[in-house]
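First up is the structure itself, then whatever we jot down about it.
Just so it is clear, none of the values below were taken in a lab; they were calculated from the coordinates. Note that this is a predicted model, so its numbers are computed, not measured. Please note: Cβ atoms are built from the backbone with ideal geometry, for glycine as well, and neighbour counts cover all protein chains shown.
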């Protein structure tokens, strides 16, 4: 992982972080940090924690930062990557912001769509069963818009549909 953090300039551009919860009987969480390459994701770090609180994740990230030299992450070192892509965990995003305040935090498309799907299927929101798939497809079309103009057009078209009103 250290060689990847030093040898791939992509590490300075974008890193991805994803957590798997409750991987053992003690409820530990495993955070995988990786970068992109033509071969797929390459691991840059692994953090094993006992909690998903902001403070614990922050400590884990700070300890992880001590493991790589100043020329790591495409020469950005402790500043971190330009972009960190994560899921929609508030604690995780707050910890990333504390550890890497100059990195832009983005949500990955998968997690945006997963959150939309969960919202639509949550009975407390009152979305009728036969409307859920159509509404999800409208959201998906907006997420996959190629530019701002296409997003606005897709959004406005969705608002015109009786199902959305």
- Can you tell me the 0 to 90 degree angle between the C-alpha axis of helix 148-160 and the longest principal axis of the chain, rounded to 10? 40 degrees
- In nm, to one decimal, how far is the modelled label at residue 123 from the one at residue 3, with both set 7 Å along Cα→Cβ? 5.4 nm
- Dividing the alpha-carbon radius of gyration of segment 56-106 by 2.2 N^0.38 Å (N being the number of residues), what value is obtained? 1.08
- Message: Quick check: the angle from helix 54-65's long axis to the longest principal axis of the chain, C-alpha only, nearest 10 degrees?
- Response: 50 degrees
- Query: Calculated from DSSP H runs of 4 or more alone, at -39500 (n - 2.57) each and per residue, what is the 222 nm mean residue ellipticity of the chain, nearest 500?
  - Reply: -13000 deg cm²/dmol
- Using only alpha carbon pairs under 8 Å that are at least six residues apart, calculate the relative contact order of the chain and give it in whole percent. 18 percent
- Which entry in (1) 1.06; (2) 0.95; (3) 1.42 is this structure's computed Rg/Rh (Cα atoms, Kirkwood Rh)? (1)
- Can you check what the Kirkwood hydrodynamic radius comes to for segment 79-165, Cα pairs only, in Å to one decimal? 14.9 Å
- Relative to the longest principal Cα axis of the chain, at what angle does helix 109-121 sit, 0 to 90 degrees, rounded to 10? 40 degrees
- Message: Can you tell me which of 25, 76, 118 moves the most in a GNM of the chain? Springs connect C-alpha atoms under 10 Å apart.
- Response: 25
- Task: Treat the count of other C-beta atoms within 10 Å as a stand-in for reagent exposure and order 53, 86, 20 from fewest to most.
- Result: 20, 53, 86
- From Cα coordinates alone, what are the radius of gyration and Dmax values for segment 1-96 in angstrom? 12.9, 39
